[in-house]
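For reference, the structure discussed in these notes is given below.
Nothing in this text is a laboratory measurement; each read-out follows from the coordinates by a stated rule. Because the structure is predicted, anything quoted here is derived from the model rather than measured. When we count neighbours, we look across all protein chains shown, and the Cβ atoms used for this are built from the backbone with ideal geometry, even at glycine.
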Amino acid sequence: MARNVEIKARVGDPAALERRVALLATDGPDLIEQDDTFFTCPNGRLKLRVLGSGEGQLVFYRRSDTAGPKESFYVVSTTPEPDSLREALTHAYGSLGRVIKRRTLYMVGRTRIHLDAVKDLGNFLELEVVLAEDEPVEAGIAEADALLRRLDISADSLIDRAYFDLLADSSTTL
């Protein structure tokens, strides 16, 4: 299973952050429209991501819900027919809900920097430091921490849960 070190943070001034990211970037920006449907999954998370191009990705992942850098294990399988796959998975497992976002992707070396505008939730930064197969997680954590410092992201802006969980929490308080 592939691994990365991941971190999410709320963003107060997305334009200012994007300027800082662009100065560090080795590639990007790439704009990606994403519509993620989450399904019941007892041993992690399972989502079907439909991209603006109409292609889809079935993504299984497992990570802890903690603030700060955390190791994530994931498997991605592409599909040319995401709508019929969504229907089959909904019947088989039950759909929990959706997260719709516009993602701006930058690369800084091997790290994916996502600037996410999440519908009904707000603006976020997500870092994904891709780990080599036998690489210790501590190397990815150190890289993520260094990028957070360079981007001037404070510890109090870090979030400990997935966008789906934040949306679920906000809908129960409305």
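Numbers for the structure displayed
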quantity: For the range 94-105, Karplus couplings with θ = phi - 60° (6.51, -1.76, 1.60), whole Hz, Gly/Pro x; calculated: x, 8, 8, x, 10, 10, 10, 8, 10, 10, 10, 9
quantity: Rounded tilt (10° steps) of 82-93 against the dominant C-alpha axis of the chain; calculated: 70 degrees
quantity: Degrees between helix 163-172 axis and first principal axis of the chain (Cα, 0 to 90, nearest 10); calculated: 70 degrees
quantity: Nearest 10 degrees, 0 to 90: helix 137-150 Cα axis against the chain principal axis; calculated: 60 degrees
quantity: Per residue convex hull volume, Cα atoms of the range 14-94, in Å³; calculated: 139 Å³
quantity: Phi-based couplings in Hz for the range 22-36 (Karplus 6.51, -1.76, 1.60; Gly and Pro marked x); calculated: 4, 5, 8, 5, 9, 7, x, x, 10, 8, 10, 8, 9, 10, 9
quantity: Phi-based couplings in Hz for the range 114-127 (Karplus 6.51, -1.76, 1.60; Gly and Pro marked x); calculated: 10, 9, 10, 9, 9, 4, 6, 9, x, 10, 9, 10, 10, 10
quantity: Within-11-Å neighbourhood charge of residue 138 [Cβ basis; K, R +1; D, E -1]; calculated: -4
quantity: Residue-averaged [θ]222 nm for the chain, counting only DSSP H segments that reach four residues, each worth -39500 (n - 2.57); calculated: -8500 deg cm²/dmol
